[in-house]
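What follows is one structure encoded as structure tokens, with my remarks underneath.
The values are calculated or read from the model by the stated rules, or taken from the named source; none is laboratory data. The model shown is predicted, which means the values in this text are computed figures rather than measured ones. As a convention, Cβ positions derive from the backbone with ideal geometry for all residues, glycine included, and neighbour counts pool all protein chains shown.
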Amino acid sequence: MVSSRRNSTTNISSSTPSMSTAQQESGDDKPSTSKMSSEEKVDSPPIWRKFSHPPFNNNRNMQLQLANNRGTKDDWGASLRYAINEEQSTSLGPTVDSAETSSISSDTTVATPVISPSVYERFIVLSDNLTDLVKAVMEEAKKNTDAESCSLFLIDEENNELVANVFDNANEEIKELRVPVGDGVVGCVAKTRTMMNVKDAKKCPFFYAQVDELTGYHTKNILCFPIIDNSGALVGVGELCNKQSENSKGFTRTDEKYAKNFASYCANSIAHCLFYKKIQEASTRSHMATEMMVQGSHLKIAEDDIQRLLKDPLRDWRYFNQNFNDFSFAPRNIGENHFHKASMMFFEDLGFTTRYRINKRKLSYLVLRISAGYRTVPYHNWSHAFAVAHFCWLMMRTEACTNALTDLERLSLIIACLCHDIDHRGTTNSFQLQSKTPLAQLYSSEGSVLERHHYAQTVSILHMPECDILEQLTTLQYRTVLSNIREIILATDIAAHLKKASRIHDMVEIGYNPMSNDHHYLLTCLIMTASDLSDQSKNFNNAKLIAENIYKEFFAQGDLEAEIGVTPLEMMDREKAFVPQVQLEFLDSIGLPVFKMLAEIIPDGKSTYDAIRANQLCWNALKEEIQSSDSGVRQCLTYLKDEDIERKVIEKVRETDPRAAEIASKRFNTITSNGHVPSTSTDIFEGYLEEYQNPIDQICMPNHNNNHEEQPVMRLLPKKNSTKKATEEAALLKQPDCDGLLLNRRARPRRLWRRACQLARSVSESCASCSPMPNRRQISSEDDSESA
């Protein structure tokens with residue numbers, strides 16, 4: 001039975017009907033089922049044995065084509081093995097006589113080879129890496145069949161092709177080999193899902209000679225078998241080439257049996273691997289979608305927070321501090337509770353709210369949403385964004401920037417500064433690439449991974465209907481602003497800045513040309529970079545505290561890199577980093593050149609360059625001080641907060657450069673910080689608030705209208721009871737600090753107090769915003785006429 005199956009498929013000819021070879025030699029006149037005309041073959045096919053494999057019935061036409069186009073046994077040998085089963089025949093082909101059966105009886109007595117379970121266990125272990133699994137399968141198949149080479153083709157259902165990516169005896173230049181299903185021996189096996197044993201590859205009509213030409217390999221004989229999983233789906237095709245046994249004419253019956261059993265192991269292992277890969281891809285897509293979501297977008301901004309910003313009038317910059325408009329003022333000193341209000345003030349002070357008809361509620365929601373988008377990392381957080389925006393606001397108020405940049409460019413700069421580090425993870429671009437994070441996979445080809453993510457987050461927020469402060473812009477203006485924001489945020493990448501530093505230097509040398517678009521671009525990039533580094537242009541105490549936060553982030557990244565086996569940079573290694581030395585190198589290479597070029601283009605910013613130079617001297621003095629002390633101090637950051645060491649450093653600098661020491665030690669009196677409103681000229685409110693708390697509360701707070709609702713026109717005192725309980729989703733605004741609100745009691749003449757009461761009463765009765773600044777009043781025409 002087996003021998004007849006072996007030779008029956010090779011004796012079908014498409015040209016002339018004939019008897020089997022065994023019949024011709026014996027002279028037996030018994031007709032064979034294969035002895036018929038061509039017409040009879042088409043109309044009434046020969047007698048086929050029952051096939052138990054379901055895919056066989058679906059591919060009968062292909063099997064007939066194989067039989068009709070095949071040569072004789074002497075040409076290329078018995079080729080088709082649809083199933084290898086001794087008890088139940090499942091092969092394709094007509095029956096043959098006993099003479100032919102006896103000619104190949106040696107193959108039928110071989111027992112089915114046993115495959116060790118350890119092989120399957122080894123394959124399962126490699127299921128997380130398809131390449132390693134394919135290599136293991138190929139090596140195992142070659143070892144047990146004594147084949148010279150093995151190839152494993154996986155099915156690409158989308159393109160209906162077989163794909164091989166791993167080769168053992170191929171040209172190294174070939175990275176991938178694709179064969180259409182139905183072409184060549186491999187394609188025929190994939191289409192019919194049957195085993196094919198080719199004794200002479202050159203005489204086989206299905207042999208795909210182009211593969212040998214591409215790989216440079218000489219194929220003699222082939223054993224090709226389908227790999228089908230438990231569900232009946234085709235996973236791939238295995239191809240063994242060139243039996244290496246002595247006096248071998250090709251692969252034996254034993255090899256066929258082994259291939260059949262081995263294919264089931266391969267199918268399950270590869271199916272597991274492909275399924276695991278799909279799970280990983282789905283997880284990556286899900287993670288990518290999560291990464292692309294706006295940080296904090298799942299949180300609901302508390303309506304109470306929005307109302308607090310809406311009902312509180314837009315303030316003049318003096319509301320936060322008398323020195324708030326000084327380049328050397330550290331904006332974090334006003335308190336985090338005032339960052340949102342001050343951010344809204346930037347738009348109002350520069351005239352954007354009026355010029356572009358920005359909705360105040362949307363501006364409030366935008367500022368709150370941006371702050372919610374920042375993570376609680378040591379340095380790249382919401383306070384850093386506010387400090388950067390404050391420096392940019394100071395630049396935008398200068399006459400040089402007003403004349404050099406357009407209003408849309410200035411608006412773009414303010415928005416970009418607030419959003420430039422949104423959703424920062426506290427790591428660098430290089431770490432993102434090394435860790436192969438979803439962000440790196442998404443943006444690695446373009447470079448500036450984190451900066452592009454910051455821009456994507458910014459656009460997502462601006463597209464929210466409740467944050468769309470640009471809704472009144474024309475289409476062209478809107479596109480211009482988004483394009484400017486993109487270029488400005490990308491400019492915060494220091495690597496990108498270094499690439500265009502020479503162009504900025506050339507612009508400074510030849511002078512700024514307002515008619516040049518390139519100069520506009522370079523100037524906005526320079527302002528953004530300087531704003532991002534502006535913490536180092538304050539006093540030395542502020543520079544030290546900010547440096548501590550920066551190196552906390554660096555050291556945390558260094559610890560992560562050490563865990564994954566990557567050697568961190570010296571400045572990120574907490575055991576090796578010496579902060580003063582690293583800061584000096586940074587100021588020499590980046591800080592000083594940036595602020596020097598900025599001071600030459602914008603003369604009002606020259607004080608920032610002087611502050612950078614003063615801090616450079618202080619960092620050098622601190623370096624010498626730490627080096628002369630116990631070496632153990634270098635391993636921690638506590639010396640950055642040591643006031644005694646700071647005084648020694650300042651005194652050491654004073655010996656060589658008194659002016660630099662004065663700049664580095666300059667600190668502002670914060671008595672009018674944290675929401676106190678000084679007067680424009682006489683500071684009449686300074687020092688009186690605590691003594692006359694109740695009168696001012698009674699004058700300014702009540703709203704004498706018909707509905708008797710409380711209208712917090714001028715909230716000089718903390719709001720004791722919130723109108724609405726803060727939601728659990730997000731409470732972004734802190735309640736004002738009672739201890740920091742009231743000033744020290746100081747006696748003043750009663751005449752000044754009367755003037756203060758008269759001013760407060762007149763403002764409460766005639767002004768919608770209750771701001772003591774005449775140029776910041778929001779007075780309607782009706783109220784103005786009544787007050788007149």
Subject >> L523 vs. criteria more than 19 Å from G447 (Cα to Cα), under 31 Å from the mean Cα position of the chain (by Cα), in contact (Cβ under 8 Å) with a residue 24 or more places away in the chain and assigned by TED's automatic domain parsing to the domain that holds A372 >> reply: yes
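If you scan segment 483-493, which residues turn out to be surrounded by 18 or more Cβ atoms within 10 Å (Cβ to Cβ) and either out of contact with any Phe, Trp or Tyr (no Cβ under 8 Å at 6 or more places or on another chain) or not charged (D, E, K, R) (or both)?
N484, I485, I488, I489, L490, A491, T492, D493 - these are the residues of segment 483-493 that are surrounded by 18 or more Cβ atoms within 10 Å (Cβ to Cβ) and either out of contact with any Phe, Trp or Tyr (no Cβ under 8 Å at 6 or more places or on another chain) or not charged (D, E, K, R) (or both).
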Original post:
Is it fair to say D468 is touching a residue at least 12 places away in the same chain (Cβ under 8 Å) and within 30 Å of E643 (Cβ to Cβ)?
Top reply: no
Subject >> So I301, is it β-branched (V, I, T), modelled with pLDDT of 80 or more, touching a strand residue (DSSP E or B) at 6+ places or on another chain (Cβ under 6 Å) and crowded, with 18+ Cβ neighbours inside 10 Å >> reply: no
Subject >> Looking only at segment 357-378, and only at residues there that are assigned to a loop (DSSP other than H, G, I, E, B) and in contact with a helix residue (DSSP H, G or I) (Cβ under 7 Å, 6 or more places away or on another chain), the one that is farthest from P465 (Cα to Cα) >> reply: P378
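Select the helices (runs of 4 or more DSSP H) contained entirely in segment 379-432, then report the ones holding at least 1 residues which are in the same structural domain as R486 (by TED's automatic domain parsing), surrounded by fewer than 24 Cβ atoms within 10 Å (Cβ to Cβ) and among the small types (G, A, S).
Details: elements: 382-396, 399-404, 407-419.
In segment 379-432, 382-396, 399-404 are the helices (runs of 4 or more DSSP H) which contain 1 or more residues that are in the same structural domain as R486 (by TED's automatic domain parsing), surrounded by fewer than 24 Cβ atoms within 10 Å (Cβ to Cβ) and among the small types (G, A, S).
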Original post:
K249: at pLDDT 80 or above and either outside any helix (DSSP H, G or I) or more than 40 Å from the chain's Cα centre (by Cα) (or both), yes or no?
Top reply: no
Original post:
Of (1) of a type outside the set (D, E); (2) over 33 Å from the mean Cα position of the chain (by Cα); (3) within 24 Å of T608 (Cα to Cα), L314 satisfies all except one. Which?
Top reply: (3)
Subject >> Meets criteria (surrounded by fewer than 18 Cβ atoms within 10 Å (Cβ to Cβ) and in a helix (DSSP H, G or I)) for A562 >> reply: yes
**OP:** With respect to K652, determine if the residue is surrounded by fewer than 18 Cβ atoms within 10 Å (Cβ to Cβ), within 39 Å of the chain's Cα centre (by Cα), modelled with pLDDT of 90 or more and of a type outside the set (D, E).
**Re:** no
Subject >> Given (1) buried (at least 19 other Cβ atoms within 10 Å of the Cβ); (2) outside the structural domain of L368 (by TED's automatic domain parsing); (3) acidic (D, E), number of the condition E548 does not satisfy >> reply: (1)
**OP:** Among residues belonging to segment 388-417 that are over 14 Å from N325 (Cβ atoms) and polar (S, T, N, Q), point out the one that is nearest to the chain's Cα centre (by Cα).
**Re:** S412
Original post:
Do the conditions hold for E600, that is, is it under 30 Å from the mean Cα position of the chain (by Cα) and not assigned by TED's automatic domain parsing to the domain that holds I510?
Top reply: no
